[in-house]
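Reading through the structure tokens given below for one structure.
The values are calculated or read from the model by the stated rules, or taken from the named source; none is laboratory data. Because the structure is predicted, anything quoted here is derived from the model rather than measured. Backbone-built Cβ (ideal geometry, glycine too); neighbour counts: all protein chains shown. Accessible surface is based on the protein model in full, side chains and every heavy atom, while ligands, DNA and RNA are left aside. Shrake-Rupley method; radii C 1.70, N 1.55, O 1.52, S 1.80 Å.
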Amino acid sequence: MGMTMTQKILAAAAGLSEVKAGQLIEADLDLVLGNDITSPVAIHEMDKFTTDGVFHKDKIALVMDHFVPNKDIKSAQHCKCVREFAAKHEISNYFDVGEMGIEHALLPEQGLTVAGDVIIGADSHTCTYGALGAFSTGVGSTDMAAGMATGKAWFKVPSAIKFNIVGKPSKWVSGKDVILHIIGMIGVDGALYKSLEFVGEGIANLSMDDRFTIANMAIEAGAKNGIFPVDALAEQYMKEHSKREYTIYEADADAEYDEEYTIDLSTLKSTVSFPHLPENTRTIDEVGDVKIDQVVIGSCTNGRLDDLRTAAEVMKGKKVAKGIRCIVIPATQRIYLEAMEEGLLRTFIEAGAIVSTPTCGPCLGGYMGILAEGERCVSTTNRNFVGRMGHVESEVYLASPAVAAASAITGKISAPQE
């Protein structure tokens, strides 16, 4: 029996000619990632190890992004811990205030993730890099510590679900709508410890930013990872951003999949995930009259340049509704600068929104937009669990940048107007 893309990457990293679903392997790592919340735990775990130092100073990335610039003394102490560790071990890829960004947007932009890589990160949305044909997955801080020390990690080889993407999306339908549709269809545990493998001619109609968004939220269906084939667009992206060699893996024709689905992009509508699970989806015409208090446009899911362009197109020449707080967060410094040069930030500010420095901020209820009791937020982030963005009796509605921007203008969940 043949192997899936994910299985081929893991076999190569484990030095094996083949692997099968369920098999336990030890694989070499190309990158180990941590942030300002998870890295301190891993660093303290490393203090217990007999090994001294890290396996490779160029293959570790430490990104200060969740509570940065520091929101309080505790977050400042966490960053200080990571900063001192990075200096001690001469970590090449340490990103702090002034050169930082939200980790899962920053690392591909910096060329640190390429096709064929095996990447672990102490953050569940590390699966983002599957958009480039890499195997990437989230782990706990203890596994991150072991990875930093040894350059290896244990995996159970995942089985896979195949999604055949066909058709072309309509104007306001984006990668966020695709993945919300999929999660609504299979559920938050529909792909538990499986690989979501995307194929089909319709992928050519998805931008790289769309693909990053889709791979980013694979974890919200319970998946171990999400992965796309490497086409001309992905190769162009890697050549523009990275000097690293990459390896393209393709699934065998006789690869085995647990399930197969066809997603016709031309039939999809803007989709909104209602509280309190990403699977609780409705199309925009099923939403009804839902008044809101806040809109957040940003995060590792939807803070990229295409996302900001779409939001600005919807908001151009309009005003944020009275009483609505609209917060826009570019995902990296480079995206912030490009958005400024294109005039997108002016559009947001003139509309009555605020623009923040890159940070995860409100996504995890950190800062920069905490919700009070009874408040509702339309957000381009990736989770809407109880209390995710603040008070346990607040509500988060997940949506695309187009829907989020339109909702900021009307004061209720709305479809963008042509």
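Using Stokes-Einstein with the Kirkwood hydrodynamic radius over Cα pairs, what translational diffusion coefficient do you get for the chain at 10 °C and a viscosity of 1.306 mPa s, in µm²/s rounded to a whole number?
Numbers: Rh = 21.3 Å.
Rounded, D is 74 µm²/s.
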Margin query: So, taking all protein chains as they sit and a 1.4 Å probe, how much accessible area belongs to GLU197, in Å² rounded to tens?
Written below: 10
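Within 10 Å of each candidate Cβ there may be at most 16 other Cβ atoms; applying that plus a DSSP loop requirement, which GluC sites (Glu not before Pro) in the range 309-355 survive?
Values: sites: GLU313, GLU338, GLU341, GLU342, GLU350; in loops: GLU342.
Hits after loop and neighbour filter: GLU342.
Tell me the per residue accessible area of the range 302-399 using a 1.4 Å probe; a whole number in Å² is fine. Could the numbers behind the result be given before it?
Working: 3960 Å² over 98 residues.
Roughly 40 Å² per residue, with all protein chains present.
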Next item on the list: Grab the DSSP H runs of the chain that are 4 residues or longer, score each as -39,500 (n - 2.57), total them, divide by all residues and round the 222 nm result to the nearest 500 deg cm²/dmol.
Entry: -8500 deg cm²/dmol
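Sorted by accessible area with a 1.4 angstrom probe, largest first, how do ILE37, ILE349 fall?
If we order ILE37, ILE349 from most to least accessible, we get ILE349, ILE37.
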Check: Across the range 263-418, how large is the tail of the calculated P(r) beyond 18 Å, expressed as a percent of all Cα pairs?
Finding: 52
Notebook entry, point to check: In whole angstrom, how far apart do the alpha carbon centroids of the range 348-418 and the range 164-231 sit?
Noted result: 22
Item checked: 3J(HN,Hα) from dihedral phi, the range 188-200, Karplus parametrisation 6.51/-1.76/1.60, rounded to Hz, x for glycine, proline -> 6, 10, x, 10, 3, 6, 10, 9, 8, 10, 9, 9, x
Checklist line | Spatial separation of Cα centroids for the range 268-337 and the range 82-111, in angstrom | finding: 27
Next item on the list: With 32 Å as the limit, write out which pairs from LYS74/LYS318; LYS80/LYS162; LYS269/LYS319; LYS168/LYS224; LYS152/LYS194; LYS224/LYS269 have Cα-Cα distances beyond it, or answer none.
Entry: LYS74/LYS318; LYS80/LYS162
Checklist line | Alpha-carbon radius of gyration plus Dmax, which is the widest Cα pair, for the range 17-84 in Å | finding: 15.5, 50
Check: Among bridges DSSP assigns within the range 187-346, what percent are antiparallel (round to 5)?
Finding: 30
Check: Taking a label point 7 Å from the Cα of SER170 along the Cα→Cβ vector, which residues of the range 277-319 have an amide N closer than 11 Å to it?
Finding: 284-285
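With a 1.4 Å probe and all protein chains in place, put ARG282, ARG304 in order of accessible area, largest first. Walk me through the numbers on the way to the answer.
On the way: ARG282 90, ARG304 15 Å².
Ranking ARG282, ARG304 by accessible area, largest first, yields ARG282, ARG304.
Calculate the dipole size of the chain relative to its Cα centre from +1 charges on Lys and Arg beta carbons and -1 charges on Asp and Glu beta carbons; express the result in debye to the nearest 20.
Numbers: 38 positive and 56 negative charges, 212 e Å.
Dipole of the chain, to the nearest 20 debye: 1020 debye.
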Item checked: the chain, accessible surface, carbon-and-sulfur percent (1.4 angstrom probe) -> 50
Margin query: Which residue fluctuates most in the GNM of the chain (Cα springs below 10 Å): LEU196, LEU277, LEU16?
Written below: LEU16
